[in-house]
Each structure stands twice: as structure tokens, then as C-alpha cells.
Amino acid sequence: MRAALRRAVAASMGAPVTLLTALPELFAGVQDLGAERAAAVRMLVRAGAAPDWRFLDLGCGKGGVAVAVARRIIAARHGKGSVRGVDAFRPFIDAARRLAAGNGVEGACVFEIDDVGSFERGPLTRRYDAAVMLNLYGCERASRVLRRWVRPGGVYLVDDAVWIGQGAGGAPTREDCRGLIERKEDRIEQEWMPSPAHLARSAKARIGAVERAGATLCKAQPRLKRTVDAYVRTLERSAEALSTGLRPCLWLVRRGRA
């Protein structure tokens, strides 16, 4: 993996590059990596996602959303659809393949190691019925990438952290994001924002799992203790920000004809 991509992968996890090789162990007990799997699948179902649809998940991480789509939308209804998951980090793709096999949907899932940025710049090879990008790019950039890969009339899912506190918080508001997404005839059909209680439970479970894995890792590699401890504090600060003025928001968008 080239240096720039290594930095991008680490940044997507909020981690320093020096912890990149340790991330698979640190997140061994965390499946969704910040993506809201249940909400994403629920929104796709409500949008009419069919069992013969072709789905694209860019920045799929360990495959939590992709496998849930394969189970709930394709396999549960005996469909012929497929899910293509793409991520640049080989250990996460390996984990996604294991998850698909463990859930009996490996035949409906294809997981590939690739730079998600190539889908922004590279040639358009096919169109999908639905596409997902969660917890990676901001809503404007994510919607711009996904809409080129979705057929007219198809749907895509994007998310972002929006400012709901008092005053100017330095982040886009929900209305700002809606304005950035709804262009070229694209229209937001669904919006979901988790409650503070939901966020607190999720953060506690995720950070707790990373902290426990970090303690085990540092016993074997004591030189990493300072870096791991600093990373856990970074995760805690991010969770705290999402309990005050910031809140994650997820949108399902219907692609226009233009």
C-alpha cells in the first residue's frame, strides 16, 4: 500500500499511521466501525430495495452493512442480487469475507481491495441499483461519488456529522447537508438521526472493545502503550463531541434522471 493511501486509511479510522498495522487487533471485537448497520438496511428496505438488486458499498470496512444487506434483502427473499464491497485495507476485507461466509451469504457478496478514490476519478464500468458510503467522506463528496455509480431512479445512502448546538459550531447543519445533497434532481427520501442514548451505548461498547484489545496488545508490545492510550482518548473525545453539539445523520437519496 502506497504511503498516501496508508495515511488515508489511518485517517478514516481517526488513527495515526503508526497504529495502522495494529488496527485489525484493536478493532477485532468491533464489527460496524461506526456505520449504522441496522438503520442503513431498514432505510433500504423502506425505499423498496429488491432481492434482485445490485448493491455497491464503498469503504465497506469489515462488511457489516454489506453482509446485512445480503442477509436481509437478498438471501431472506431468495433473490439473485449481489453486493460488492470495496475497501483499501486488506485486513478489513479479509474480515468481511469471513463474516459473509459465517452468515452463509458468501455467494451474494464480493469483497475487493481497492482505493475508494478510484471510484471518484476512474471510468464508470457499470451502474448499481443502490450504493452506500458511510463514515468515510462528508455528505457532499459522498453523494457526488455515489450518484455516478447508481442508475437513474436508484438510491444511495450517505452520512455526515451535523451541528445541532447553539451558535456556529464549525460543522454543517442538517439543512446545509440537505442543500448539498439535493442537486441534479436528486431528492432525500429518508433521514435518520440517532438519539443521544443510542450514541452513548454504541460509543461505550466500541471504545470499551478497543480499550480491552489495546490492553492485550500492549502487554505483547509495550512500546505501543502511549500511542494506544492516546488513540483511545481520541475516540473518547469524538464520542463526547457527538453527545453535545454534533450529531451523526444518515440520508437515503433517490437519484434523479439528470
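The values are calculated or read from the model by the stated rules, or taken from the named source; none is laboratory data. This is a predicted model, so every value here is computed, not measured. Cβ atoms come from the backbone with ideal geometry, glycine included; neighbour counts cover every protein chain shown. The protein model used for the area step is the full one, side chains on, heavy atoms only, and it has no ligands, DNA or RNA in it. Shrake-Rupley method; radii C 1.70, N 1.55, O 1.52, S 1.80 Å.
For G85, the conditions (1) of a type outside the set (D, E, K, R); (2) over 24 Å from L235 (Cα atoms); (3) touching a residue at least 60 places away in the same chain (Cβ under 8 Å) all hold with the exception of (3).
Quick one: in the stretch 112-129, of everything that is over 24 Å from A3 (Cβ atoms) and touching a Gly at 6+ places or on another chain (Cβ under 8 Å), which residue is surrounded by the fewest Cβ atoms within 10 Å (Cβ to Cβ)? This residue is R127.
Screening G29 on (1) part of a loop (DSSP other than H, G, I, E, B); (2) open to solvent by less than 10 Å² (accessible area, probe 1.4 Å); (3) farther than 23 Å from V158 by Cβ shows it passes everything except condition (2).
Filtering the stretch 11-26 to residues that are touching a residue at least 12 places away in the same chain (Cβ under 8 Å), over 13 Å from the mean Cα position of the chain (by Cα) and in a helix (DSSP H, G or I) leaves T18, L19, L20, A22, L23, P24, E25, L26.
Quick grid of which residues meet (1) open to solvent by 10 Å² or more (accessible area, probe 1.4 Å); (2) at pLDDT 95 or above; (3) in contact with a Gly (Cβ under 9 Å, 6 or more places away or on another chain):
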| position | (1), (2), (3) |
| --- | --- |
| V45 | yes, yes, no |
| W53 | yes, yes, yes |
| L56 | no, yes, yes |
| A70 | no, yes, yes |
| K80 | yes, yes, no |
| D87 | yes, yes, yes |
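Against the definition (within 19 Å of R255 (Cβ to Cβ), aliphatic (A, V, I, L, M), outside any strand (DSSP E or B) and under 15 Å from the mean Cα position of the chain (by Cα)), how does V145 come out, yes or no?
Values: within 19 Å of R255 (Cβ to Cβ): yes; aliphatic (A, V, I, L, M): yes; outside any strand (DSSP E or B): yes; under 15 Å from the mean Cα position of the chain (by Cα): yes.
The answer is yes for V145.
Residue check: L136 meets all listed conditions (1) touching a Lys or Arg at 6+ places or on another chain (Cβ under 8 Å); (2) open to solvent by 10 Å² or more (accessible area, probe 1.4 Å) but one, namely (1).
If you filter the stretch 89-111 down to residues that are under 16 Å from S12 (Cα atoms) and not basic (K, R), you find that the one that is most open to solvent (accessible area, probe 1.4 Å) is P91.
From the list R42, R54, R98, the lone residue that is basic (K, R) and touching a Ser or Thr at 6+ places or on another chain (Cβ under 7 Å) is R54. Within 15 Å of the chain's Cα centre (by Cα) and modelled with pLDDT of 95 or more: does that describe A100? The answer is no for A100.
Tally time: how many residues in the stretch 40-69 are among the acidic types (D, E) and in a loop (DSSP other than H, G, I, E, B)?
1
Kindly provide the set of residues from the stretch 217-232 that are farther than 14 Å from R206 by Cβ and surrounded by 11 or more Cβ atoms within 10 Å (Cβ to Cβ), ordered by number.
Kept after step one, since they are farther than 14 Å from R206 by Cβ, are these residues of the stretch 217-232: 217-230.
Residues satisfying the conditions are L217, C218, Q221, L224, K225, T227, V228, D229, A230.
Has the stretch 189-207 got at least one residue that is within 30 Å of R54 (Cα to Cα), in contact with a helix residue (DSSP H, G or I) (Cβ under 7 Å, 6 or more places away or on another chain) and surrounded by fewer than 18 Cβ atoms within 10 Å (Cβ to Cβ)? Yes, some residue in the stretch 189-207 is within 30 Å of R54 (Cα to Cα), in contact with a helix residue (DSSP H, G or I) (Cβ under 7 Å, 6 or more places away or on another chain) and surrounded by fewer than 18 Cβ atoms within 10 Å (Cβ to Cβ).
Return a yes/no flag: does the stretch 168-179 have any residue that is of a type in the set (A, V, I, L, M, F, W, C) and modelled with pLDDT of 95 or more. It would help to see each step written out before you state the result.
Applying the first criterion (of a type in the set (A, V, I, L, M, F, W, C)) to the stretch 168-179 yields 168, 171, 177.
Narrowing further to those that are modelled with pLDDT of 95 or more: 177.
Yes, that holds for at least one residue.
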